[in-house]
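A.B. asks: Input: one structure, supplied below.
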């Protein structure tokens, strides 16, 4: 019992180490979600550590959203859709899908994404997300359409950003980019960016996936009574009940879709009315991108079942495409949904792109490990030369390393991806750790032998004042970077602070105990 | 076997003025360099693409350096701002002032180059990062100063710590200008680390002299023995890390290492000359009064 009470610090350190080793190596604690998790990152590694892009390879894209917003708009009792159409009509190059009117910063229709967000816009807003529309143009359009507004500004609303994040997540999952993440980040200046990370993907494929709005509509293109061809949107994204995966059939690649029951009768009727569902089939079009409309043909079989009304019982058809990759794209876009606003990759937008090839990532992983080990060896050599006493120096090196093990265990436990900046944090921790251990060692061993526990305690407390003060300054120095979400140095700051906290509370006191048991004469 | 003992310096041979003169002169020269740099280039320190915006492409090319550079220049339409090679690996780091990442990636692939990494930062984002980094550094420094004053509650010893921490940051910045090292996220991280490291040995010295009983010179020697060991250990580790990371082409770690080496050497000088002379002046003037 006495031994436990005396050595509780050492025991605490051992407990922490065991937990960390468990977090690092236990297969039960692997990445939570095999679909989105580290089946890529964990490749060829025996630990549960996840690696960030710099160490595993992949692409990171950070870009703002295209759009301008008018706030405090008075809709004058008009319906949301009416407002959108009126405003769109006044702006060149913007269709109704490029204009979003929101009541109180939310869509009027109750969509599952319309969570009220604290601090988000509370006034009614109109956003235009077409490219190249200025705030002045939006203002002019609102004036022309007869809606009062308070202000116009660059950027989109919080709700739109959240929708974009959700839809991009869907897109990345649908496209099978495992481990990809999407998040919203805000800079210190209050600018908002969307941050997309995709391991093992090259920059162009990621950019292509996330840069398209991905609006899919089924339009009917038919001769009206006056003989001119008319274009009507007959089905939109939300009208589909389920969307199959892209298939390559005998008649070419296609995406099987089911129209939801509530819309099916209406669609069937309009197909009959427009005369599209005539004997022998006819043309329909689908649109994957506002600028490109792809024609597709209605097969005779489908036309027949539409005319007889059989189709309404089982509202299924196949969206034909020209090639397989297009079918996949349509399928992804239909499942994930259309982006309300698109990412701005232009040069003046303030975005960043980085791509690290998987081989570079792997090299960095090995090389930074070697660099770290060599730095630790240098530290060990210096303290051995300085103290010429293995009993002092060996526990010092072991304690400093155990801090890194605990931090690695923590990173594995919460699934924090290791990046070069985190490794820099580890180096900072070893550095301050060894400094503190030298202070403890010198203080405890000052002026000859320690002949009682009381003397040891008093010296240890003195040493601790300095260590605590130094730790507090380091934490204060790092905290601005840890709080601001600018990514690149955040990992460094977080792990330095964490290491200092673990060091001061757990590992460095334990070193004191180890040193005491090795040097105290009267125990 | 190498001997590593901290020598006992006979401080009584030097006056406070003599001791403080050297670090203050070094600090003044450093500030002059930075001010001169500002006048000549419009910025106090050379900034990397993380702050100015631009694109960095790393490609792997086998073969002699001259031929590789020729190949690189032929591949890209835009004129590279700089081409650096990574020793020990056939990797070249090419930076461009402007030009989209997509365009450069396409050009590199068309030319059949093995692209290792591309990173592109737009100018406005770089400006944001710069504000953040400088703001972070300023807040960190201010926070550290306040904490030091709160801990010692006497002016002279506290200001001594703050001045030497300031000098520990400014001197490496001036050296970075002279040696052509750009301010990057890594060097900003290193400057932040320096605040922590620098304060370590200063607090140790202040603590030994102010809060312990005993002769001034004896306290100083004890503090020095510990403090110099600490700093030399860190310097050794950082020199080794800088060399290894440079060979491997891990720029972030190399940048951190080199700046820390500069800062820690400056810290040795500042702590045991500037800080010590201020403390001695404070201690003996206080006693005489």
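Each value in this text was obtained by applying a stated rule to the coordinates, not by laboratory testing. The model shown is predicted, which means the values in this text are computed figures rather than measured ones. Note: ideal-geometry Cβ built from the backbone for every residue, glycine included; neighbour counts use all protein chains shown.
A.B. asks: Can you give the Rg to Rh ratio of region A:325-441, both from alpha-carbon atoms, with Rh computed by the Kirkwood formula? Each step should come with its number before you reach the end.
C.D. replies: On the way: Rg = 22.8 Å, Rh = 18.3 Å.
Here the Rg-to-Rh quotient is 1.24.
A.B. asks: Between residue A:414 and residue A:374, what is the FRET efficiency for a Förster distance of 25 Å, r being their Cβ-Cβ separation, to the nearest 0.05?
C.D. replies: Values: r = 28 Å, r/R0 = 1.13.
So, using R0 = 25 Å, E works out to roughly 0.35.
A.B. asks: Next up: What is the average number of partner chain Cβ atoms found within 10 Å of a Cβ in A:386-395? Show your work: numbers first, answer last.
C.D. replies: Values: counts 11, 2, 4, 0, 0, 0, 0, 0, 0, 0.
Taking all residues of A:386-395 together, the mean is 2.
A.B. asks: Okay, moving on. Suppose R0 equals 41 Å; then what is the FRET efficiency for residue A:166 and residue B:154 from their Cβ-Cβ distance, rounded to the nearest 0.05? Display every interim value, and only then the final one.
C.D. replies: Details: r = 57 Å, r/R0 = 1.38.
With R0 = 41 Å, the Cβ-Cβ based efficiency is 0.15.
A.B. asks: With axes computed from alpha carbons, what is the tilt in degrees of helix B:123-152 against the longest principal axis of chain B, rounded to the nearest 10 within 0 to 90?
C.D. replies: Relative to chain B, helix B:123-152 is tipped by roughly 10 degrees.
A.B. asks: Sort B:110, A:513 so the one with the fewest other Cβ atoms within 10 Å of its own Cβ comes first. Intermediate results must be reported in sequence, preceding the final value.
C.D. replies: Numbers: B:110 9, A:513 20.
So the ranking, lowest neighbour count to highest, is B:110, A:513.
A.B. asks: Just want to confirm a number: the relative contact order over chain B, from Cα pairs under 8 angstrom separated by 6+ residues, in percent.
C.D. replies: Numbers: 382 pairs, mean separation 72.5, N = 289.
Taking the mean separation of contacting Cα pairs over the length of chain B, I get 25 percent.
A.B. asks: How large is the convex hull of the C-alpha atoms of the protein assembly as shown per residue, in Å³?
C.D. replies: Numbers: hull volume 176.1 nm³, N = 812.
Here the figure is 217 Å³ per residue.
A.B. asks: Using the Kirkwood formula over every pair of different C-alpha atoms, what hydrodynamic radius in Å results for region B:1-144? Before the final figure, lay out the partial values.
C.D. replies: Numbers: mean 1/r = 0.0518 Å⁻¹.
That comes to 19.3 Å for region B:1-144.
A.B. asks: At q = 0.16, 0.21, 0.22 Å⁻¹, what log₁₀ I(q)/I(0) does region B:54-121 have when each alpha carbon counts as one equal point scatterer in the Debye sum?
C.D. replies: Normalising to I(0) and taking log10 leaves -0.44, -0.77, -0.86.
A.B. asks: Next up: Where Rh denotes the Kirkwood radius from the mean inverse Cα pair distance, what is Rg over Rh for region B:116-218? Don't skip to the end; give the middle numbers.
C.D. replies: Numbers: Rg = 17.5 Å, Rh = 15.8 Å.
A ratio of 1.11.
A.B. asks: Quick one: compute a quarter of the convex hull surface over the Cα atoms of chain B and quote it in nm².
C.D. replies: Values: hull surface 73.5 nm².
Spelled out: convex hull of the Cα atoms, projected over all directions, averaged, 18.4 nm².
A.B. asks: Rounded to the nearest 10 degrees, what's the angle between the helix B:185-211 long axis and the longest principal axis of chain B, both from Cα atoms, 0 to 90?
C.D. replies: In chain B, helix B:185-211 runs at an angle near 10 degrees to the longest axis.
A.B. asks: Averaged across A:432-439, how many Cβ atoms of other chains sit within 10 Å of each residue's Cβ atom? Provide the component values of the computation, followed by the final result.
C.D. replies: Numbers: counts 6, 0, 5, 12, 2, 2, 12, 10.
If you average over the peptide's residues, the count of other-chain Cβ atoms is 6.
A.B. asks: Turning to a different aspect of this structure: Using R₀ = 25 Å, calculate the FRET efficiency as 1/(1 + (r/R₀)^6) where r is the Cβ-Cβ separation of residue A:92 and residue A:211; round to 0.05.
C.D. replies: Values: r = 22 Å, r/R0 = 0.89.
Step by step, r from the Cβ atoms, then E = 0.70.
A.B. asks: Mind jotting down the three principal axis lengths of region B:147-289 based on Cα atoms? Whole angstrom, largest first.
C.D. replies: That works out to 57, 24, 24 Å along the principal axes.
A.B. asks: Label residue A:324 and residue B:74 with points 7 Å out from Cα along Cα→Cβ: what is the distance between them in nm?
C.D. replies: Going by the 7 Å Cα→Cβ label model, 3.6 nm.
A.B. asks: Something else now. Find the Cα radius of gyration of region B:122-165, compare it with 2.2 N^0.38 Å by division, and give the number to two decimals. Present the calculation step by step, with values, prior to reporting the outcome.
C.D. replies: Working: Rg = 14.6 Å, N = 44, 2.2 N^0.38 = 9.3 Å.
Ratio of Cα Rg to 2.2 N^0.38 Å: 1.58.
A.B. asks: By average Cβ neighbour count within 10 Å, what is the ranking of A:388-396, A:73-81 from highest down?
C.D. replies: Details: A:388-396: 17.6, A:73-81: 14.3.
Top of the packing list down: A:388-396, A:73-81.
A.B. asks: Using Cβ counts within 10 Å as a stand-in for footprinting exposure, how do B:73, A:307 rank, fewest first? Walk me through the numbers on the way to the answer.
C.D. replies: Working: B:73 12, A:307 15.
Taking fewest neighbouring Cβ atoms as first place, the list is B:73, A:307.
A.B. asks: Let me ask another. Using a 10 Å cut-off on Cβ to Cβ distances, tally the other chain neighbours for every residue of A:61-73 and report the average as a whole number. Walk me through the intermediate numbers first.
C.D. replies: Numbers: counts 2, 3, 2, 3, 0, 0, 0, 0, 0, 0, 0, 0, 0.
Counting other chains' Cβ atoms within 10 Å and averaging over A:61-73 gives 1.
A.B. asks: On to the next question. Cβ neighbours within 10 Å, averaged per peptide: list A:244-250, B:54-60, B:20-26 in order, most packed at the top. Walk me through the intermediate numbers first.
C.D. replies: On the way: A:244-250: 12.7, B:54-60: 24.0, B:20-26: 17.1.
Output ranking for A:244-250, B:54-60, B:20-26: B:54-60, B:20-26, A:244-250.
A.B. asks: Treating the angle as unsigned and between 0 and 90°, give the value, to the nearest 10°, between the Cα long axis of helix B:101-110 and the longest Cα principal axis of chain B.
C.D. replies: 50 degrees
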